[in-house]
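Trainee: One structure is given below, represented as structure tokens, and several questions about it will come after.
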């Protein structure tokens with residue numbers, strides 16, 4: 001089972017809530033448009049900006065998307081037409097989760113600086129990742145690991 005911590009890079013329009021911006025993102029994602037020159041330029045600039053932070057990351061190309069994946073950390077940055085997101089598996093807990101969140105802060109700040117978008121953290125009850133979700137993210141990892149361990153244990157019990 002693959003469960004991940006996800007962030008979505010969004011722009012808020014005047015008077016819009018994070019929920020509104022997410023709904024707009026989901027509507028756009030449903031269209032599954034092909035990547036255009038602006039998307040590819042975004043991918044190139046983000047990849048260049050993250051090279052020092054994720055030096056072992058590899059680029060993968062799909063039909064209508066691109067990914068930058070780092071096997072060392074599990075961080076994956078995905079680009080679809082008009083959509084940029086980041087995910088990382090809940091592999092970490094305790095001090096390892098805290099170290100990962102520190103790296104995520106750097107990655108997010110680099111992407112935000114490059115794109116002008118803001119990382120939204122749906123796990124943080126409507127808060128951006130920086131200045132909101134990042135403070136509680138390590139605890140989110142701990143809770144997810146505990147829940148996954150309980151679920152795996154219940155699957156091992158005789159029914």
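Trainee: Test each condition in (1) touching a residue at least 40 places away in the same chain (Cβ under 8 Å); (2) surrounded by 13 or more Cβ atoms within 10 Å (Cβ to Cβ); (3) within 25 Å of residue 138 (Cα to Cα) for residue 78 and report the one that comes out false.
Mentor: Here residue 78 meets the rest and fails (1).
Trainee: Are there any strands (runs of 3 or more DSSP E) wholly within segment 41-124 with 1 or more residues that are in contact with a helix residue (DSSP H, G or I) (Cβ under 9 Å, 6 or more places away or on another chain), farther than 23 Å from residue 28 by Cα and modelled with pLDDT of 95 or more, and if so which?
Mentor: Counting at least 1 such residues, we get no strands (runs of 3 or more DSSP E) at all.
Trainee: While we're on this one: Output the qualifying pairs, or none if there are none: Cβ atoms under 8 angstrom, residues six or more apart or on different chains, first residue in segment 16-45 and farther than 12 Å from residue 83 by Cβ, second residue surrounded by fewer than 14 Cβ atoms within 10 Å (Cβ to Cβ).
Mentor: 17/126; 18/126; 19/126; 20/13; 34/64
Trainee: Checking residue 14 against (1) at pLDDT 85 or above; (2) farther than 22 Å from residue 132 by Cβ, which single condition isn't satisfied?
Mentor: With (1) at pLDDT 85 or above; (2) farther than 22 Å from residue 132 by Cβ applied to residue 14, the lone miss is (2).
Trainee: Then there is this: So residue 35 fits all but one of (1) outside any loop (DSSP other than H, G, I, E, B); (2) in contact with a helix residue (DSSP H, G or I) (Cβ under 9 Å, 6 or more places away or on another chain); (3) more than 20 Å from residue 5 (Cβ to Cβ); what number is the exception?
Mentor: (1)
The values are calculated or read from the model by the stated rules, or taken from the named source; none is laboratory data. In this text the structure is predicted, and so the values were computed from the model without any measurement. Cβ coordinates were reconstructed from backbone atoms using ideal geometry, including for glycine residues, and neighbour counts include every protein chain displayed.
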